[in-house]
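Encoded as C-alpha cells, the structure appears first; notes follow it.
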Amino acid sequence: MDLRLWTFGPIEYHAVLSTDFTTESTFENPVPVLGIIWDRKDDNLSINIKDVSVSENLSKREILSVTQAIFDPLGFLAPVLLPAKLLLQQIWAIKSDWDTPLPEEIKVKFLKIYKFLLI
C-alpha cells in the first residue's frame, strides 16, 4: 500500500492537494484506523463496543472477558474502564473461583458499569 494514497483530514484539505496524492474514497463511510473508527465527515473518533450478553450468574471469568474485550489503544475509555478494573481487584481479593457465581453486590456494581459502557 502506498501511504501517500491513504486518506487524511477534513474535506477542505482534499481540495488543496492534487488528486495524485488522495484516494477516491467517499467521506460518508467511517474508516477503521488502528482499532478506532474515524468519521472523516465530522472528524470524530469512536470506539466500537460489542454488546455482549451477560448471564444471570456472573463469574470472575465473564467479567474479565467483557472488561478486556474492549480495545482502546489510545486510552480514551480509561476513565470509564477504571471502575470495572477496580471491581476486578475486589473480585480477586475475595478469592472467588473462575466460574463461581459472584455475590449480588458485585453483580449490581458490574451491571451498572456495563450499562454505562454501552451508552
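Worth a mention:
- Loop-located trypsin sites (Lys or Arg not before Pro) across region 70-119 with a Cβ neighbour count of 14 or fewer within 10 Å are 95, with loop assigned by DSSP.
- FRET efficiency, residue 37 to residue 82 (Cβ-Cβ, R0 22 Å, nearest 0.05): 0.45
- Positive contributions from Lys and Arg (+1) and negative ones from Asp and Glu (-1), summed over other residues with Cβ under 11 Å from the Cβ of residue 94, come out at 0.
- Global geometry of region 56-96, whether rounded, prolate or oblate, following the gyration tensor of its Cα atoms and the 1.5 cut on a/c: prolate
- Gain in span if fully extended, residue 28 to residue 93, counting 0.36 nm per residue against the direct Cα distance: 18.6 nm
- Straight-line reach from residue 107: taking Cα to Cα under 19 Å and skipping same-chain neighbours fewer than 8 places apart, the lysines in range are 60, 85, 95, 115.
All of the numbers you see were taken from the coordinates with simple rules; none came from a lab. Note that the structure is predicted; figures quoted are calculated from it, not measured. With ideal geometry, Cβ positions are generated from the backbone for all residues, glycine too; neighbour counts draw on all protein chains shown.
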